[in-house]
Amino acid sequence: METPKPDRPPRGTPFAELLRVLRHSRQRARGVTLFEVALLSACAAAVALAVLLFVRPHVEAEHTDTALRDAARIRNAVVDWRQENGAGCPTLTQLAHESAELRTLNTDDPWGERFRVRCTETDVTVVSPGQDRVPNTSDDIRVPEGSTAARAVQNSPRS
């Protein structure tokens, strides 16, 4: 019968099993491989792309809704100004200075461009260049939609 070596506990004892597990785990603790890093990066990129594709349309729709609300508010202010002052077309700065309520008037659209006010004898149109920030393109925001001033702005040459 073979006797166990003095530096090793006999097999089958809990202490021996613990040493075997620890020795085995030290051999496997090798760090992270380049493949694992690449795989994790690819997964993170896929999740980020999915979130971007899902969120972006909602953000753009919110920007468009905000632009329509702000343009309608500006148009109402211009219509009120014209009723009080007769003919003419006020500037956005002039509107903001003449009314305490309109000092909080947002004169820039959600994309950072200034709204434009166009007046005819019978109509007032407020125009935003839209997401592409280029006037007279299909993404422009016009309030009211289809007005004569909007058509005049749409048909005017680009500056």
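The values are calculated or read from the model by the stated rules, or taken from the named source; none is laboratory data. Bear in mind that the values here come from a model prediction, so they are computed numbers and not experimental data. Counting neighbours? That spans all protein chains shown, and the Cβs are built from the backbone with ideal geometry, glycine included.
Just checking, which of Leu40, Leu22, Leu52 is at pLDDT 85 or above and either over 28 Å from the mean Cα position of the chain (by Cα) or over 30 Å from Glu98 (Cβ atoms) (or both)? Matching residue, one of Leu40, Leu22, Leu52: Leu40.
Here is a yes/no grid of residues against (1) exposed (fewer than 10 other Cβ atoms within 10 Å of the Cβ); (2) touching a helix residue (DSSP H, G or I) at 6+ places or on another chain (Cβ under 9 Å); (3) of a type in the set (S, T, N, Q); (4) part of a helix (DSSP H, G or I):
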site: Leu53; (1), (2), (3), (4): yes, no, no, yes
site: Asp65; (1), (2), (3), (4): no, no, no, yes
site: Arg69; (1), (2), (3), (4): no, no, no, yes
site: Arg73; (1), (2), (3), (4): no, yes, no, yes
site: Arg82; (1), (2), (3), (4): no, no, no, yes
site: Cys89; (1), (2), (3), (4): no, yes, no, no
site: Leu95; (1), (2), (3), (4): no, yes, no, yes
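Selection within the range 25-37: residues that are at pLDDT below 75 and in a helix (DSSP H, G or I). The member of this set that is nearest to Gln131 (Cα to Cα) is Arg28.
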